[in-house]
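The structure appears right after this line, and notes come after that.
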Amino acid sequence: MEVAEGKEAITRVQSLSQSPLSKVPPQYIQPPHTRPIFPSHPPQPQTQHIPIIDLFGFDPTRTHSTRDSIARASRDWGAFHVANHGVPTSLLHHIRHAGLSFFNDLSMLDKLRYSCSPGAAASEGYGSRMLVNHDDADQVLDWRDYFDHHTFPLSRRNPNKWPEFPSGYRETVARYGDQMKNLAQKLMALISESLGLRPSCIEDAAGELYQNITISYYPPCPQPELTLGLQSHSDMGFITLLIQDQVGGLQVLRNCGGDSESWVTVEPLEDAILVILGDQTEIITNGKYKSCVHRAITNPDRSRLSVATFHDPAKTVRISPASELIDESSPAKYRGVVYGDFVKSWYTKGPEGKRNIDALLLES
């Protein structure tokens, strides 16, 4: 099933995977240097794991140790799981079920009723291609379909643009967005405090907090060694809160010391939430905390679902390193940037790891 999306008709990845397909089409084949490596022998037990931080329901007597744990994980990984986060685990199950039901139980014609606006970056709705104004001859497509929901500010929230099926879908997305925003605000306060900043530092810099919820569906792929479900990138905004199903496939890039880096697969934890630091957090912390480069690999036999909730600044605000973190011994590492300009660069040039934030680095 094809649908106009941008300059040409785009085939939904789910339709491709359901056709008699032994090889992926050329536009989905990654260049050799970005392809995932699948070991020919059973892997040894993984020695690196994303940190798991117990928030203890935000118990104020535990705040000091929680901040210390967040500081270590933010420096070393740019990502961490949180447990006892206060979001009802039943809601995590409901949002996963709602997304899976949309992709698996609706006909393609019904799904296409919610298609993204052609050619528009970050357009709300059902899509397959994120980047626009990109040279089609050079663009490699992700093996993924998605549904993007605009949930905050409330002026952007229009549930009529969301699926009516399954029953309760719209209510589940709205409740989920409310809970994720509350968690994001608490985490941004802890991240700020962990650097000696006032709790509201990051949220104040945002202007008005924007939230999108993207449910991503990764169908089975006949050649996972040639494809990526989502190419290597760091997120644009402040923090992303992500849950995945039990199939797994998310990988983060871990600095192993010096110039050595390796991809670490993020173990799915059913009731935990993965916190991913974005580029604006790296900028405002003057590089003390790093945005996390991550990607998604594909699976030959099983589909995979994830739900990512993005928390970003308003497009009109300018993000710069916090003045409290700048002095003679620690000069600014990044030039300030209007967030809307940063987003435009991301969607037109493509992510390619951290190329967009690296362009803001000041010469030391």
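The values are calculated or read from the model by the stated rules, or taken from the named source; none is laboratory data. In this text, all values refer to a predicted model and were calculated from it rather than measured experimentally. Note: ideal-geometry Cβ built from the backbone for every residue, glycine included; neighbour counts use all protein chains shown. Protein only, heavy atoms only, side chains kept; ligands, DNA and RNA dropped before computing areas. Shrake-Rupley method; radii C 1.70, N 1.55, O 1.52, S 1.80 Å.
Somewhere in segment 147-158, is a residue modelled with pLDDT under 95 and either over 28 Å from SER291 (Cβ atoms) or not in a loop (DSSP other than H, G, I, E, B) (or both)?
Within segment 147-158, not a single residue is modelled with pLDDT under 95 and either over 28 Å from SER291 (Cβ atoms) or not in a loop (DSSP other than H, G, I, E, B) (or both).
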| Any hit, segment 60-68, residues being more than 22 Å from the chain's Cα centre (by Cα), of a type outside the set (Val, Ile, Thr), at pLDDT below 95 and assigned to a loop (DSSP other than H, G, I, E, B) | no
| message | Against the conditions (1) more than 30 Å from SER19 (Cβ to Cβ); (2) open to solvent by 10 Å² or more (accessible area, probe 1.4 Å), where does SER234 fall short? Just the number, please. | response | (2)
| note | Within segment 133-173, of all residues that are in contact with a Phe, Trp or Tyr (Cβ under 9 Å, 6 or more places away or on another chain) and among the aliphatic types (A, V, I, L, M), the one most open to solvent (accessible area, probe 1.4 Å) is VAL140
| message | What are the pairs with Cβ atoms under 9 angstrom where one residue, in segment 56-67, is free of Cβ contacts under 8 Å to residues at least 12 places away in the same chain and the other, located anywhere, is in a helix (DSSP H, G or I) and surrounded by 15 or more Cβ atoms within 10 Å (Cβ to Cβ)? Sequence gap at least six, or different chains. | response | ASP59/THR66; ARG62/PHE56; SER65/PHE56
| Before we move on, is VAL337 at negative phi, open to solvent by less than 30 Å² (accessible area, probe 1.4 Å) and in contact with a Lys or Arg (Cβ under 9 Å, 6 or more places away or on another chain)? | yes
| Just to be sure, is GLU203 open to solvent by 10 Å² or more (accessible area, probe 1.4 Å) and either farther than 27 Å from ALA359 by Cα or not in a helix (DSSP H, G or I) (or both)? | no
| said: Testing ILE213 on (1) of a type outside the set (S, T, N, Q); (2) part of a strand (DSSP E or B); (3) open to solvent by 20 Å² or more (accessible area, probe 1.4 Å), one condition comes back false. Which one is that? | reply: (3)
| query | Would you say ARG96 is part of a helix (DSSP H, G or I), more than 21 Å from MET236 (Cα to Cα) and open to solvent by 40 Å² or more (accessible area, probe 1.4 Å)? | reply | no
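Yes/no per residue for (1) β-branched (Val, Ile, Thr); (2) closer than 20 Å to LEU360 by Cα; (3) open to solvent by 30 Å² or more (accessible area, probe 1.4 Å); (4) not in a strand (DSSP E or B):
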position: ILE283; (1), (2), (3), (4): yes, yes, no, yes
position: GLY287; (1), (2), (3), (4): no, yes, no, yes
position: LYS290; (1), (2), (3), (4): no, yes, yes, yes
position: THR298; (1), (2), (3), (4): yes, no, no, yes
position: ARG302; (1), (2), (3), (4): no, no, yes, yes
position: SER306; (1), (2), (3), (4): no, no, no, no
position: THR309; (1), (2), (3), (4): yes, no, no, no
position: THR316; (1), (2), (3), (4): yes, yes, yes, yes
position: GLU324; (1), (2), (3), (4): no, yes, yes, yes
| Of all the residues that make up segment 224-269, how many are under 17 Å from the mean Cα position of the chain (by Cα) and either in a strand (DSSP E or B) or among the polar types (S, T, N, Q) (or both)? | 19
| Quick one: is LEU226 open to solvent by 10 Å² or more (accessible area, probe 1.4 Å) and at pLDDT 95 or above? | yes
| said: On the basis of being in contact (Cβ under 8 Å) with a residue 12 or more places away in the chain, open to solvent by 20 Å² or more (accessible area, probe 1.4 Å) and outside any loop (DSSP other than H, G, I, E, B), does PHE342 make the cut? | reply: no
| task | Mind listing whichever residues of segment 265-289 are more than 21 Å from ILE213 (Cα to Cα), of a type outside the set (S, T, N, Q) and modelled with pLDDT of 95 or more? | result | GLU282, ILE283, ILE284, GLY287, LYS288, TYR289
